[in-house]
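Asker: Once you've had a glance at the structure underneath, I'll fire off some questions.
The values are calculated or read from the model by the stated rules, or taken from the named source; none is laboratory data. What you see is a predicted model; the values in this text were computed from it and never measured. With ideal geometry, Cβ positions are generated from the backbone for all residues, glycine too; neighbour counts draw on all protein chains shown. With ligands, DNA and RNA removed, areas are computed over all heavy atoms of the protein, side chains included. Shrake-Rupley method; radii C 1.70, N 1.55, O 1.52, S 1.80 Å.
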Amino acid sequence: MVATANLSRSDLDSSSGSDLSVSSRTSNRSLRVVEKERRKNEAGDPFLLALKYFSEVEAGTPCVGNDVLERNLVQVERVGLSRGLPPEAISVMLDYAMSLRMGGVMCVRVLKFLIPATVVPQEAVVRAVAWLCVSKMAISTQVLFLKWVLTVFDMIDSKDHIRAIYGFIFHFVTEENLVFRPFRVRKLLDLQTKMGRQPFLLLVLSLYKVFCPELVTLALPSRMRSGFKNHNSTWKAALSAVQKRNKGQVSSDISLTLGVKHKTDSRKRKYHHLEVPLLSSSVQRNSPSSSSRKVFPLEQLHSFPQLLDNLHRIELPSQMGSLLGSSLALCYLDYVQDDSAFLRLNFWLGHALHEEFLFCSGDGGSGSSSEALHLLNRLLSTQQFLQEGFSSSEGFLYKFLNVWDGSLLRPQILGLLSDIPVVPSSCINQLLFEPLVQLFFTSTLFFKCSVIDCLNNMLSKWLTWHSVYALEDGLDISLHSHTPMNMTLSGFMDSVVELVRFVGRLAAVGLQLEGCHSLLLSFILDFYETVCDMFLKYGLPLVVMPPVGVFYPALFATDPVSVDRLGYIMYRYKKNLTSAKCQQQETKQAFHISRQTYREFNHYLLFMVSCLWNSKMFLPGMAIEVDQELLALSKVPKPWTSFDLIHHPAFLGYAFDFHHKCWPERKKMDLNSIKAGKHWDWYLEFLFSQGFQGLQQFVQSSITRWSAAGTNDQGQGDRLSL
């Protein structure tokens, strides 16, 4: 029994071993069959053979008369335009093209049919940018490659490494501006003179006039048909066709982004890029990289505590323009301080403002565009939220001011203009002052007031930046707008002085043109309320006095509010000058306020006290002298008292009211009786009780009064000696 059992067990073991050997031989045979079949398929698939050829072809291989090259190139091109290229093919062909193994002609041809079927490998784009930095490629080929990257940007599988080289990419993107050179404009103008007003020349000159208006002084028609095709329309059409054939293998987000828009009957330019895109993450949810890193999509952010909990797991969106529509996203952007994020956002804004807004003709279409209005309002609110401007909007404004009519989207344009950072004094005249002067002197009263208010806000923000970013050794103003400006304190003061003097010239001439209108004068006095407090309020050792074209119209204004505000401004000037001189003497600091500034202030102060308080108007030795014979012809009794606090046109009504309250029984009006005895003190109290706080501060700080024998008389004005 035992022997039989052992025998049967051994037989079973031998039989099982033979079965395993048979199964292993069968599996090995099947693997060999599969491998043989795969090699047979690869050997017979012309597309795979073509890819193998391009991956192994050596540099310097001739392309002219190369039938093998042409056959393989046609094969890959047919697949790319019909079904799209898989990621491996994209990597092989992009490396072949950007390495210039067979010259730049083949590179251009390959880029034109490089249509991805699903996604674009990130590493392939990084290697291509590395080839781009070799500087062996023609400018036109570099531009073509960058346009291809922008077209398929949303199809790149991951952007971790690409985000690290954004600086290189945007360097090449902005390098395209080098084509706008003066000698090329001169050649185009010479061709236009010889050949006449050819449409293609006018179109090119119109582009130069937008980007460099100072180089093109030729008058161009406002309406011209577009003569330049969209740079990525061919790629978009091919991508759309590939998506339809592949029946949605590409993600729906990409299909929406790369959809081809149908033509419309309207000839007006459409604002396709002025719409703020929806917030969507750049990471595909099903990708392994997103699951391994536990990325939190930005579009799922709905509260500030949620932002704090996921602060280090948030992924930036695929289109940076979508950040303009979310305050939480802007909070995250301000926190991370990511240079690449600001580069992307600046690029998107630059494209939207230049390509879609600045190129619009003046046919009224842009004025009625709700998309343009919405975008500029979003941009304004974003800059106010971040407390800084963007370099793209700054560059747009410098160009747009040369073609602006002063009415198109005026509040938005002036609001953006007030947000620009400090402009160096060497170029502020060309960039800002010259365009604004032409608009200011040919515009309405309301526009003049808007410009003065805009420049006042600009100065306030400059001074605020100075008070925040001022350092001991100089001034370092570096904003997220990526226009870092390392400016010394003297350079900053030069820019401020240029701005204040420019506004002074505008104000003086504007008051003459508008007949010293009280509304314009009010905005001008707003500006000088900022200027008079630059030392004490903002810590800037600078004092700039208003010109005579502003001081005298304010002093002789017919409304009491303007005179009261002038009194407050002079009071603050005295406080700033006195503090500056005391601090300079005590600490012996390096800053110095010129004697001319003190002389101007003393001159204004003496004249204002002599006019309002001492009744010495038009007398010899005063700033304003009028011939006595001419005064006699005016038949005005005691003309030297015409502008004191009683007879001044701005306060004459208050004097009548006070006289009636003091002597209600009198039928004859005698305003000089107000100066007698205590009535003068009562009149001043009555005047100050009407809300003229600025005038009260000026009188209390600049006029010395004394009492003799119980009688208060008008005191003499003490000149400030600084």
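Asker: Leaving out ligands, DNA and RNA, and with a 1.4 Å probe, what % of the accessible surface on region 295-420 is carbon or sulfur?
Answerer: Exposed carbon and sulfur together represent 50 percent of the surface.
Asker: Another question, then. Along region 501-518, what does the Karplus equation 6.51 cos²θ - 1.76 cosθ + 1.60 (θ = phi - 60°) give for ³J(HN,Hα), rounded to whole Hz, x for Gly and Pro?
Answerer: Those phi angles translate into 5, 5, 5, x, 5, 4, 5, 5, 6, x, 5, 5, 5, 9, x, 6, 4, 5 Hz.
Asker: Largest first, how would His603, His302 line up by accessible area (1.4 Å probe)?
Answerer: His302, His603
Asker: Hey, if we sort His647, His312 by accessible area with the 1.4 Å probe, largest down, what's the order?
Answerer: His312, His647
Asker: A further question on this structure: Kindly identify region 454-613 as rounded, prolate or oblate by the Cα gyration tensor criterion: order the square roots of the eigenvalues as a ≥ b ≥ c, call it rounded if a/c is under 1.5, otherwise compare a/b with b/c, prolate if a/b is larger, else oblate.
Answerer: Since a/c reaches 1.5 but b/c is at least a/b, the shape of region 454-613 is classed as oblate.
Asker: Label region 295-420 by shape, choosing from rounded, prolate and oblate, from the square roots a ≥ b ≥ c of the eigenvalues of the Cα gyration tensor; if a/c is under 1.5 it is rounded, and otherwise prolate applies when a/b is larger than b/c, oblate when it is not.
Answerer: Prolate is the answer for region 295-420, as a/c is 1.5 or above and a/b outweighs b/c.
Asker: Oh, and also: Just grab the label-to-label distance for His374 and Cys582, each label 7 Å out from Cα along the Cβ direction, in nm (one decimal).
Answerer: Modelled inter-label distance: 5.7 nm.
Asker: How much length would be gained if the chain were fully extended between Ala164 and Asp338, taking 0.36 nm per residue of separation minus their Cα-Cα distance, in nm to one decimal?
Answerer: Result: 61.6 nm gained on full extension.
Asker: While we're on this one: Could you tell me what a quarter of the Cα convex hull surface of region 517-571 works out to, in nm² with one decimal place?
Answerer: Orientation-averaged projected area of the Cα hull: 3.6 nm².
Asker: Sticking with this structure for a sec: For region 46-173, give the magnitude of the charge dipole about the Cα centre (Cβ charges: +1 Lys/Arg, -1 Asp/Glu; no others), in debye to the nearest 20.
Answerer: For this selection, approximately 260 debye.
Asker: Skipping prolines and chain starts, which residues have an amide H placed within reach, meaning under 5 Å, of the one on Glu315, given they are 5 or more residues away or on another chain?
Answerer: Distant-sequence amide H within range of Glu315: Phe296, Leu298.
Asker: Give me the dipole magnitude in Debye, nearest 20, for region 454-613 about the Cα centre, with unit charges on the beta carbon: positive for Lys and Arg, negative for Asp and Glu.
Answerer: Charge dipole, region 454-613, about its Cα centre: 380 debye, nearest 20.
Asker: Still on this structure, I have one more. I'd like the accessible area for Met320, computed on protein heavy atoms only with a 1.4 Å probe and all protein chains in place. Round to 10 Å², please.
Answerer: 10 Å²
Asker: Given a Förster distance of 30 Å, report the FRET efficiency between Leu330 and Lys537 from their Cβ-Cβ distance, rounded to the nearest 0.05.
Answerer: 0.55
Asker: Turning to a different aspect of this structure: Provide Rg and Dmax in Å for region 52-92, with only Cα atoms included in the calculation.
Answerer: Cα only, region 52-92: 11.1, 31 Å (Rg, Dmax).
Asker: Ok, one more. Compute the distance from the alpha-carbon center of region 379-446 to that of region 315-337, in whole Å.
Answerer: Comparing the Cα centres of region 379-446 and region 315-337, I get a distance of 25 Å.
Asker: Could I ask something else about it? Residue farthest toward the positive end of the dipole of region 645-706, with Cβ of Lys/Arg at +1 and Asp/Glu at -1: which of His647, Val699, Leu687?
Answerer: His647
Asker: Each residue of region 672-687 in order: what ³J(HN,Hα) in whole Hz does its phi give by Karplus 6.51 cos²θ - 1.76 cosθ + 1.60, θ = phi - 60°, with x for Gly and Pro?
Answerer: 5, 5, 5, 6, 8, x, 7, 4, 5, 5, 5, 5, 5, 4, 4, 5
Asker: To continue, here is another question. Per-residue accessible area for Thr444 at 1.4 Å probe radius, Å² rounded to 10?
Answerer: Number for this one is 80 Å².
Asker: Moving to a separate point now. Sort Arg595, Arg666 by heavy-atom solvent-accessible area, probe 1.4 angstrom, most to least.
Answerer: Arg595, Arg666
Asker: State which entries of Lys581/Lys638; Lys574/Lys616; Lys448/Lys616; Lys136/Lys236; Lys399/Lys448 exceed 31 angstrom in Cα-Cα distance in the structure shown.
Answerer: Lys581/Lys638; Lys448/Lys616, as the Cα separations exceed 31 Å there.
Asker: Check Val120: other-chain or 5+ apart residues with amide H under 5 Å from its amide H, H built from backbone geometry?
Answerer: Here the answer is Ile156, Asp157, since their amide H atoms fall under 5 Å of that of Val120.
Asker: Treating only the Cβ atoms of Lys and Arg (+1) and Asp and Glu (-1) as charged, compute the dipole magnitude of region 295-420 about its Cα centre; round to the nearest 20 debye.
Answerer: 120 debye
Asker: A follow-up question, please. Can you work out the FRET efficiency for the pair His517 and Gln300, with r the C-beta to C-beta distance and R0 = 45 Å, to the nearest 0.05?
Answerer: The value I calculate is 0.25.
Asker: Turning to a different aspect of this structure: At what distance in nm do the modelled label points of Gln690 and Phe441 sit from each other, each positioned 7 Å from its Cα along Cα→Cβ?
Answerer: Simple spin-label model gives 3.8 nm for this pair.
Asker: Counting pairwise Cα distances across region 645-706, what percent come out greater than 14 angstrom?
Answerer: Of all Cα-Cα pairs in region 645-706, 58 percent lie more than 14 Å apart.
Asker: Let me ask something else. Each residue of region 411-417 in turn: what ³J(HN,Hα) in whole Hz from Karplus with 6.51, -1.76, 1.60 and θ = phi - 60°, glycine and Pro shown as x?
Answerer: Here the 3J(HN,Hα) series is x, 5, 5, 5, x, 5, 5 Hz.
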